[in-house]
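To start, the structure under review is shown below, and the notes come after it.
The values are calculated or read from the model by the stated rules, or taken from the named source; none is laboratory data. Note that the coordinates shown come from a computational prediction; the quantities given were computed from them, not determined experimentally. Cβ coordinates were reconstructed from backbone atoms using ideal geometry, including for glycine residues, and neighbour counts include every protein chain displayed. Calculation scope for accessible area: heavy atoms of the full protein, side chains included, ligands and nucleic acids excluded. Shrake-Rupley method; radii C 1.70, N 1.55, O 1.52, S 1.80 Å.
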Amino acid sequence: MIVDVITIFPGMFTPVIDESIIKRARAKGLLKINLHDLRSFTDDPHKKIDAPAYGGGGMVFKPEPVFNAVEKILGYKAYPKAKTDKNKRIVLLSPQGKRLNQQLLKKFLCYERLILIAPRYEGVDERVVKHLVDEEISIGDYVLSGAELAAMVLIDSIARLIPGVVSDRDSIKNESFEGNLLDYPAYTRPEDFRGLKVPEILLSGNHAGIEKWRKEKAREATKKKRPDLLKT
Ligand code: SAM
């Protein structure tokens, strides 16, 4: 998968994409991330990418550099719509978007290329929202100062679902939100920590018994922490 990020702070992304799972996914050629500095797509001689909102308010990303950046990536004019490309998805990170969850992430896996627009300030000119973007995505009902962290959340959570990125596929299958249950509790060494013991069953070697215990505990945890999931 290719992910293009349009941002005024490409430097915020590099520490994250150069570590751990995302780094490995890139090294294996399973994920390519292109960071595009929005300022290099403006026609403004002073490289200004924002302007005050008409009618009053804060600064807003202008439509021209955003359209320019997306069209450069696409390789064709996006408005008036010249083509539709089912393999690409243009996503705007926005608190007004659809709330991200595991099901939505899986839909994104179908695309070969995601173009993420990551605004700051008061957001982006509404013409971008209406005429350029395929989908608006929110990472939760709260407001961040900018979309960079939201874009990184999206990249990280998609990366681990790309086949071949996480070596133990089973660990993903059993994760929280894969079904309607949270993950089961995990224990590791030592067997006895200050008198707190690991449940006997996990040390028994009885795989069927362990499986049954884990299912029960996952159900208990879900009932206690996220009863809403059991209704779905
Ligand atoms: N004025 C906007 C509003 O109330 O809807 C919020 C602007 S916010 C300060 C700046 C940018 O951060 C937003 O345009 C959006 O791109 C990003 N952002 C903030 N919260 C977000 C969230 N929960 N999910 C995704 N992006 C978010």
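Cβ-Cβ distances below 9 Å connect the following pairs, each with a first residue in region 142-171 that is farther than 15 Å from PHE13 by Cα, a second residue that is in a helix (DSSP H, G or I) and within 16 Å of the ligand (Cβ to nearest atom), and a separation of six or more residues or different chains: LEU144/ALA150; ILE158/LEU105; ILE158/PHE108; LEU161/LEU105; LEU161/PHE108. Counting the residues of region 1-36 that are in a strand (DSSP E or B) and surrounded by 16 or more Cβ atoms within 10 Å (Cβ to Cβ) gives 8. Restricting region 38-63 to residues that are at pLDDT 95 or above and among the basic types (Lys, Arg), which is nearest to PRO10 (Cα to Cα)? This residue is ARG39.
Go through region 110-123 and give me each residue that's within 18 Å of the chain's Cα centre (by Cα), open to solvent by 20 Å² or more (accessible area, probe 1.4 Å) and within 14 Å of the ligand (Cβ to nearest atom). ARG120, the sole residue that qualifies. The residue that is farthest from the ligand (Cβ to nearest atom), counting only those in region 88-108 that are under 21 Å from PRO163 (Cβ atoms) and open to solvent by 60 Å² or more (accessible area, probe 1.4 Å), is LYS106. The one condition from (1) aromatic (Phe, Trp, Tyr); (2) part of a helix (DSSP H, G or I); (3) within 16 Å of the ligand (Cβ to nearest atom) that TYR54 does not meet is (2). Taking the criterion of being assigned to a strand (DSSP E or B) and within 7 Å of the ligand (Cβ to nearest atom), the residues of region 124-148 that qualify are VAL124, ILE137, SER138, GLY146.
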